[in-house]
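See structure below.
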Amino acid sequence: MQRIFSSVGGQFRQIEQVEPGSWISLTYPTREELDAVALEFGIDPDDLRAPLDTEERSRIDVENGYVLILVDVPTTELRGGKPWWVTIPLGIILTNDVIITTCLELPQVLADFEAGLVRDAPTNMRTRFTLQLLLRNAGYYLQYLRRIDKQSDEIQAALRRATRNEELIQMLEIEKSLVYFSTSLTSNERVLQRLARLDAVKKYPDDDELLEDTIVENQQAIEMAQIYSGILSGTMDAFASVIANNQNDIMKTLALATIIMSIPTMIFSAYGMNVAGEGMPFSTWTWGFFIIIGLSFAVSLCVLVFFLRKRWF
């Protein structure tokens, strides 16, 4: 899908035709759309298709007449019927006249720009627009990392009483998301560092400060991802032992209950044998049946009290 936006004149709006200083947003574009844009602006079609490959690495390429910036942006995907955090490539192409972005889907960071929610991001100032996009992208990494940490705390609370592996598998999915984030943020960091040294991208007076803020924000996200990943790794090892201990407690409880219930079972089995009744205690008594029942449960109660005193329950 291709959409065109422009903020020339101070008002951000969607337009029908490409104008100088506009922004072309290609979201899951068709081959025809890619070929048309490549032909119109003299761009190598492979550079436009590069962000559509989920394995594409982050980088900056300076070509004849344009600059390609590839970074990773956070988004979600369904795994096991639940949404989990992943990253996908986003391509930013700066030409002499327009900005072109290419992505497999519409991540939240692009949705904010298309909705006109980002201030000081004029489409006719291509470097400023790009840096605002990268800064907001780093901000979303931080926001999603906080959500991951909160989700991790909720799963850990459930793990304290868990006996199955479902919660542990969810922790593995969170750890996978943190690995994605940490790897992508490190790659984005290299892109930002090179962007600071690149003369091919024209910078406006305030862009250096904006680029510095973007680098700082990205570094904070890297540190946060590494901290959460380290904590989660140790926590998973601990809770794997907790699950094993919970299962052992259940098995111990069942074993003790079996011992207690076996006492009346043995007595009832003895009285159920097909022998002469004269030799069985209380067999000739009027209340003999109830006496045997009472004695059986009394012995079981004594065993239960013994177990409780030993703190085996």
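The values are calculated or read from the model by the stated rules, or taken from the named source; none is laboratory data. Not measured: the values here are computed from a predicted model. We place every Cβ from the backbone using ideal geometry, glycine too, and count neighbours over all the protein chains shown.
Before moving on, here are some points about what is shown:
- Contact map, region 1-17: first residue modelled with pLDDT under 85, second residue small (G, A, S), Cβ cut-off under 7 Å, separation 6 or more or different chains; pairs are V8/G21.
- The single condition among (1) surrounded by 22 or more Cβ atoms within 10 Å (Cβ to Cβ); (2) farther than 23 Å from E33 by Cβ; (3) more than 24 Å from the chain's Cα centre (by Cα) that R126 does not meet is (2).
- Residue within region 15-25 that is over 27 Å from D120 (Cβ atoms) and either not in a loop (DSSP other than H, G, I, E, B) or not assigned by TED's automatic domain parsing to the domain that holds S184 (or both) present: no
- If you go through region 181-207 and keep only what is charged (D, E, K, R) and not in a loop (DSSP other than H, G, I, E, B), you end up with E189, R190, R194, R197, D207.
- Residue check for P281: outside any helix (DSSP H, G or I), modelled with pLDDT of 70 or more and not polar (S, T, N, Q): yes
- Restricting attention to region 168-188, the residues being in contact with a helix residue (DSSP H, G or I) (Cβ under 8 Å, 6 or more places away or on another chain) and either outside the structural domain of I88 (by TED's automatic domain parsing) or among the acidic types (D, E) (or both) number 1.
- I93 vs. criteria assigned to a strand (DSSP E or B) and surrounded by 17 or more Cβ atoms within 10 Å (Cβ to Cβ): yes
- Residue match in region 236-247 (condition: of a type in the set (V, I, T), in contact with a helix residue (DSSP H, G or I) (Cβ under 6 Å, 6 or more places away or on another chain) and at pLDDT below 80): no
- Qualifying residue in region 90-103 (condition: in contact with a helix residue (DSSP H, G or I) (Cβ under 8 Å, 6 or more places away or on another chain), free of Cβ contacts under 8 Å to residues at least 40 places away in the same chain, of a type outside the set (A, V, I, L, M) and more than 28 Å from Q226 (Cβ to Cβ)): no
- The residue list L39, L106, L78 contains one member that is modelled with pLDDT of 90 or more and not in a loop (DSSP other than H, G, I, E, B), which is L39.
- Filter result for S22 (under 35 Å from the mean Cα position of the chain (by Cα), more than 15 Å from G91 (Cβ to Cβ) and touching a residue at least 12 places away in the same chain (Cβ under 8 Å)): yes
- Given (1) touching a Ser or Thr at 6+ places or on another chain (Cβ under 8 Å); (2) modelled with pLDDT of 90 or more; (3) within 22 Å of L131 (Cβ to Cβ), number of the condition V62 does not satisfy: (1)
- Failed item in (1) closer than 30 Å to N245 by Cβ; (2) surrounded by 18 or more Cβ atoms within 10 Å (Cβ to Cβ); (3) not hydroxyl-bearing (S, T, Y), with I100 passing the rest: (1)
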